[in-house]
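The numbers here are math on the coordinates, done by the rules we state, and not lab data. Everything numeric in this text was worked out from a predicted model, so none of it was measured. Here Cβ is always computed from backbone atoms with ideal geometry, including for glycine, and neighbour counts include all displayed protein chains.
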Amino acid sequence: MERRDYLVRKLFFAFTTLVVVAVFNFLLFRILPGDPVRLIIHSPRMTREAQERIRATFGLDKPVWFDGERFQEGDILGAFDSQFTAYVRNLLRGDLGVSFATRQDVSELLAERAWRTVVLVLGGDVIAIFLGMTIGLIAAWRRGTPLDTGILLFGLFSWALPTFFLGIILLILARGHLPTGGMVTAGLKPEAGLLYWADVGEHLILPTITMGIVYTGEYILIMRSGVMEVLAEDYILTAKAKGLSTFRTLRDHALKNAMLPMVTMIALTFGYTVGGAIQVETVFSWPGIGRLMYEAVQKRDYPVLQGSFLLLAVSVVLANLLADLLYSVLDPRVKAE
Amino acid sequence: MQALKQFVRKPMGVIGAVMLLVVLLIAVFAPRLAPYDPQERVQVTPDDILAPPDAEHLLGRDDAGKDVLSQLIYGARVSLIVGFTASFMSMFIGTTVGLVAGYYGGRIGNGLMRLVDFLMVIPDLPLMLVIIAVMGRGLLNIILVIGLLGWTYTARLVRSQTLSIKERQFVLRARSIGAGGARIILRHILPQVLPLIIAQAVLDISVSILAESSLAFLGLGDPTLISWGMMLNFAFERAISRQAWWFLLPPGFAIVWISLSLILIGNTLDEIVNPRLRTHHLFDARRMVALAVGESAGRRVSEGGQDGPFGCA
């Protein structure tokens, strides 16, 4: 029953966070300096009528939150006919607006690119988790030895290395050997079946390796620190006193207990992982959500920026929720706070 | 202080400190060291664009014909300014929030921690990216964005420390003689938390510098300044096809240099402050037992269960 309370609490928190993110998203793009209409059409010689027409199309002629006048007139429902209500309504319908640059539906744009980012992030993260946890455990176990120092230095170094710069270095090194940009070689279509997907896979190698290296370094440090804390606990001394072999102590006691904070940290750093994906996609021109955001920034395509941010934030919130659920399964001591 | 003596004994920390000193000196003496003034307009011929290194331009020229080495030298200033200012801001906010939430607890504490949780969940780079895209590029905006979003980890850290410290003898004694909240926090709790904060601050500076360089690389840096991230932005867009490694690599290595120096220092400080990370049962059981015995004998050993920067909550 306590676990259920915990889950309900976490769900509620996730829900409120999503609401806050949605409202923040709305606010952010309403406080843009300058006239939003001007952002759409860059000509300074726009006539008044043209401005009004554009305003109407995008619903910018309505008040932002609440129409006081209509409320006083008795039109209570009409009083809520504001930009904010339109935003919420559209959001719930899955309508995220239209790209300024390509006139394409933002939701469509996001839907077609989302899986590319997922593949990249998942691939890199899974590799990083396995490698990071194993190497981190070894480093902690062999605390103080040159092996530990070497591993620690690798971890610290990869923390200091900006993700995009690692991408650039790998790009330079792999030039000529592996594809360095885009998702497929020009001209190849999905109809080509296996050939197409093999090509995609080839293009995926460098970006995934980049992600992998960066996050392996980070997870090594987290795991190492976590395991060291666990190994300093009294029950480890008990295990040793009992005559338990090092291997069994590590596996049955250290690993299990270090896993819990590790899960929390993986979830917490997932936001950082997503940020890394933006950088990697930009460097390797991998056409995912990250690259989309980069291009949208350059083109000042605000609806796309807004939509991608929303999508990324929502994903991270959900990932954290998942981690909380996982945590409650792993840790039998979980109680309602 | 005793901590300083410990610090000097650790090679990693000393190396980090030296590396940092180099950057500081370069930044301070930039006008003297840089062979050219990066802001100065120069007449360039097409041959000068992305020219490889030669005697007059030790690191060659960039895509606009300007000297790369000078830009690299001046870039140190931006990184340091952003790093220290943003970090100071976030440490200040984080420490205040952490102390208040930890000491007063109750509704205020919970409320503050909810806020911390909100901010922690939202992904950093996308949020910063979106805010700067809307608010406009500029040094102040960058510093604000990094500083106002980076305090959450510190807040959690400080709060958990405060929670354990406030139950200690000397705090209870101070309260019993009627000392008020602010006084207790400032005179009793803060000094205890300070070593942890300092270790965390150093790491925070490196995080801020990396954040600035990422934002600059993605095209959101201050257009009136040269930062290493911005150099990489230009280099990536214009120099990569020409394989102009002299423009592509030095800024990146510079970023690594300064981040690494801060991380080495910070990690060493953290090891000093957090004794649990020094050794463990499977490695040196005898020492561990000795430490434990020392603890129970009443000697003041720092409290366990602290968070390291890469540690667990």
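Descriptive notes on the structure:
- Student exercise, the stretch A:169-253 dipole from Lys, Arg, Asp, Glu Cβ charges, in Debye to nearest 20: 260 debye
- Relative to the longest principal axis of the Cα atoms of chain B, helix B:245-273 runs at roughly 10 degrees.
- 10 Å Cβ neighbours from other chains, averaged over peptide B:129-138: 6
- Rounded to the nearest 20 debye, the dipole magnitude of the stretch B:2-274 is 1720 debye, with +1 charges on Lys and Arg beta carbons, -1 on Asp and Glu beta carbons, and the Cα centre as origin.
- Burial ordering of A:HIS203, A:HIS177, fewest other beta-carbon atoms within 10 Å first: A:HIS177, A:HIS203
- Take each residue of peptide B:262-268, count the partner chain Cβ atoms within 10 Å of its Cβ, and average: the result is 3.
- Cα lying deepest toward the dipole's positive end in the stretch B:2-274, options B:MET91, B:ILE73, B:LEU196, charges on Cβ: B:LEU196
- For residues of B:166-176, the mean tally of beta carbons on other chains within 10 Å: 0
- Sites excluded, GluC sites (Glu not before Pro) in DSSP loops with at most 16 other C-beta within 10 Å, longest stretch of chain B: B:168-302
- Calculated on the alpha-carbon coordinates, the convex hull of the stretch B:49-145 measures out at 125 cubic angstrom per residue.
- Ranking of B:PHE84, B:PHE217 by count of other Cβ atoms within 10 Å, fewest first: B:PHE84, B:PHE217
- Its Cα centre serving as origin, the stretch B:50-162 has a Cβ charge dipole (Lys and Arg +1, Asp and Glu -1) of approximately 680 debye.
- Residue of B:SER160, B:SER259, B:SER206 that the Gaussian network model of chain B assigns the largest fluctuation, springs spanning Cα pairs under 10 Å: B:SER160
- For chain B, modelled as a GNM whose springs connect Cα atoms under 10 angstrom apart, the maximal fluctuation among B:PRO46, B:PRO191, B:PRO35 occurs at B:PRO46.
- When Rg and the Kirkwood Rh are both derived from Cα coordinates, the Rg/Rh ratio for the stretch A:80-157 amounts to 1.38.
- Farthest toward the positive end of the dipole of chain B, out of B:SER227, B:LEU25, B:GLY13, is the Cα of B:GLY13, where the dipole comes from beta carbon charges about the Cα centre.
- Couplings for the stretch A:147-152, taken from phi via the Karplus curve 6.51 cos²θ - 1.76 cosθ + 1.60 with θ = phi - 60°, read 4, 4, 4, x, 5, 4 Hz in order; Gly and Pro are left as x.
- At an R0 of 45 angstrom, the distance between the Cβ atoms of A:THR134 and A:ARG9 translates into a FRET efficiency of 0.85.
- Zero-based 10 Å bins, Cα pair distances in the stretch B:2-274, whole percents: 7, 25, 28, 21, 12, 5, 2, 0
- Exposure proxy ranking for B:VAL82, A:VAL200, B:VAL145, based on other Cβ atoms within 10 angstrom of each Cβ and starting from the fewest, stands as A:VAL200, B:VAL145, B:VAL82.
- Three semi-axes of the equivalent ellipsoid, the stretch B:1-50, Cα gyration tensor, whole Å, largest first: 41, 12, 6
- Tail weight of P(r) past 21 Å, computed on alpha-carbon pairs of the stretch A:240-337, percent: 53 percent
- Positive end of the dipole of chain B (Cβ unit charges, origin at the Cα centre): among B:MET135, B:PRO38, B:MET113, the Cα lying farthest that way belongs to B:MET113.
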